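Worksheet: one structure, shown below.
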Amino acid sequence: MEKFYSSVLEALPPPARRRLWERSVSRSLDPGEFLYLAGDESERVHLVTEGLMKFASSDGDGRETILGLAVPGDLVGELAALDGLRQPFDVVAVTHCGVAGFDPQALIDAVASNPGAAVELASVLAGRTRWICETAMERASGEVPARLAGRLLHLAELLGRVRGEAIELDLPLGQGELGRLAGMCRESACKTLNSFRARGYVDYRGRRLRILRPDALELIRCAGRAEGHRVAAEGGGRVDRRPQAGGARRINSF
């Protein structure tokens with residue numbers, strides 16, 4: 001029986017999708033629990049059915065960098081299944097999570113025999129790659145407000161609810177994790193978030209965040225990118241003069 005929507009699985013014919021679900025293994029994870037560690041072999045590909053997970057990497061001193069996020073409907077562990085190598089990063093539950101595990105070869109065979117599903121999986125991987133590229137570009141710009149503005153807008157795309165002119169979300173990340181997501185320390189994240197609130201761009205109580213001026217955060221993000229391109233040009237790099245795309249992907253409208 002089908003239990004949760006996934007764009008990749010939805011692109012499969014119903015019989016193939018049903019076979020995968022019938023052989024799937026469900027699992028729950030508590031906050032902070034690892035689904036994969038970097039270097040693990042690919043025993044299963046998992047679909048997130050509940051909660052929020054993070055892709056993370058730690059340096060030799062234990063400092064964590066958050067490379068991406070997964071929400072319900074996202075596949076995790078598919079890279080190792082596709083290339084036959086080991087898991088490239090840690091996958092950790094941020095909140096209480098539920099996942100459904102699929103046999104990697106069975107999933108690959110099902111997708112390979114259905115062009116629509118293969119294109120959808122490629123689209124998912126392209127979106128994840130673009131997210132990593134965007135965050136790398138924001139971190140390279142050196143503009144702390146631009147980094148945080150970009151990550152807040154991304155969280156709004158994933159988890160936000162439109163309320164009039166504002167976007168509301170229950171922020172699943174503490175300020176320390178929010179800082180690691182944006183490539184900064186907790187103190188910088190806290191100071192910048194307070195600055196945004198003082199300017200009337202956001203408001204928050206505990207983990208409940210309201211983005212009052214998403215247009216202002218978008219301007220800050222784009223200004224940081226423009227500065228990064230200017231620095232690259234002065235250093236002899238190429239400048240991308242194409243207009244930056246804004247807008248949300250997954251905002252739930254009421």
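The values are calculated or read from the model by the stated rules, or taken from the named source; none is laboratory data. Keep in mind that this is a model prediction, so the values were computed, not measured. Counting neighbours? That spans all protein chains shown, and the Cβs are built from the backbone with ideal geometry, glycine included.
Within the range 90-132, which residues are under 30 Å from ARG147 (Cα atoms) and either of a type in the set (S, T, N, Q) or not assigned by TED's automatic domain parsing to the domain that holds GLU43 (or both)?
Answer for the range 90-132, where residues must be under 30 Å from ARG147 (Cα atoms) and either of a type in the set (S, T, N, Q) or not assigned by TED's automatic domain parsing to the domain that holds GLU43 (or both): THR95, SER123, THR129.
Rundown of residues vs (1) touching a residue at least 12 places away in the same chain (Cβ under 8 Å); (2) within 23 Å of THR95 (Cβ to Cβ); (3) surrounded by 15 or more Cβ atoms within 10 Å (Cβ to Cβ), yes/no style:
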{"residue": "GLU134", "(1), (2), (3)": "yes, no, yes"}
{"residue": "GLU143", "(1), (2), (3)": "yes, no, yes"}
{"residue": "ALA149", "(1), (2), (3)": "yes, no, yes"}
{"residue": "LEU152", "(1), (2), (3)": "yes, yes, yes"}
{"residue": "ALA156", "(1), (2), (3)": "yes, yes, yes"}
{"residue": "VAL162", "(1), (2), (3)": "yes, yes, yes"}
{"residue": "ASP170", "(1), (2), (3)": "yes, yes, no"}
{"residue": "LEU173", "(1), (2), (3)": "yes, yes, yes"}
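Is it the case, given these coordinates, that GLY127 is at pLDDT 90 or above and closer than 29 Å to GLU218 by Cα?
no
Please verify whether the range 173-182 includes one or more residues that are under 17 Å from GLU218 (Cα atoms), within 14 Å of the chain's Cα centre (by Cα) and not basic (Lys, Arg).
The answer is yes; a qualifying residue exists.
Among (1) modelled with pLDDT of 90 or more; (2) in contact with a strand residue (DSSP E or B) (Cβ under 6 Å, 6 or more places away or on another chain); (3) under 29 Å from LEU20 (Cα atoms), which single condition is ALA156 missing?
(3)
Based on this model, can you work out whether ASP40 counts as of a type in the set (Asp, Glu), surrounded by fewer than 19 Cβ atoms within 10 Å (Cβ to Cβ) and free of Cβ contacts under 8 Å to residues at least 12 places away in the same chain?
Answer is no for this residue.
Of the residues that make up the range 189-204, is at least one of a type in the set (S, T, N, Q), at pLDDT below 90, outside the structural domain of GLU50 (by TED's automatic domain parsing) and surrounded by 13 or more Cβ atoms within 10 Å (Cβ to Cβ)?
No, that holds for no residue.
In the range 95-111, which residue that is within 15 Å of VAL76 (Cα to Cα) and small (Gly, Ala, Ser) is surrounded by the most Cβ atoms within 10 Å (Cβ to Cβ)?
Applying the filter and picking the extreme gives ALA100.
Just for strands (runs of 3 or more DSSP E) wholly inside the range 96-203: which have at least 2 residues that are within 19 Å of THR49 (Cα to Cα) and either of a type outside the set (D, E, K, R) or in contact with a Cys (Cβ under 6 Å, 6 or more places away or on another chain) (or both)?
97-102
Is the range 57-72 home to any residue that is over 26 Å from ARG186 (Cβ atoms) and either over 16 Å from the mean Cα position of the chain (by Cα) or surrounded by 13 or more Cβ atoms within 10 Å (Cβ to Cβ) (or both)?
So far as the range 57-72 goes, yes, one or more of its residues are over 26 Å from ARG186 (Cβ atoms) and either over 16 Å from the mean Cα position of the chain (by Cα) or surrounded by 13 or more Cβ atoms within 10 Å (Cβ to Cβ) (or both).
Any idea which residue in the range 205-224 is surrounded by the fewest Cβ atoms within 10 Å (Cβ to Cβ), counting only those that are at pLDDT 85 or above and outside any helix (DSSP H, G or I)?
The qualifying residue surrounded by the fewest Cβ atoms within 10 Å (Cβ to Cβ) is ARG205.
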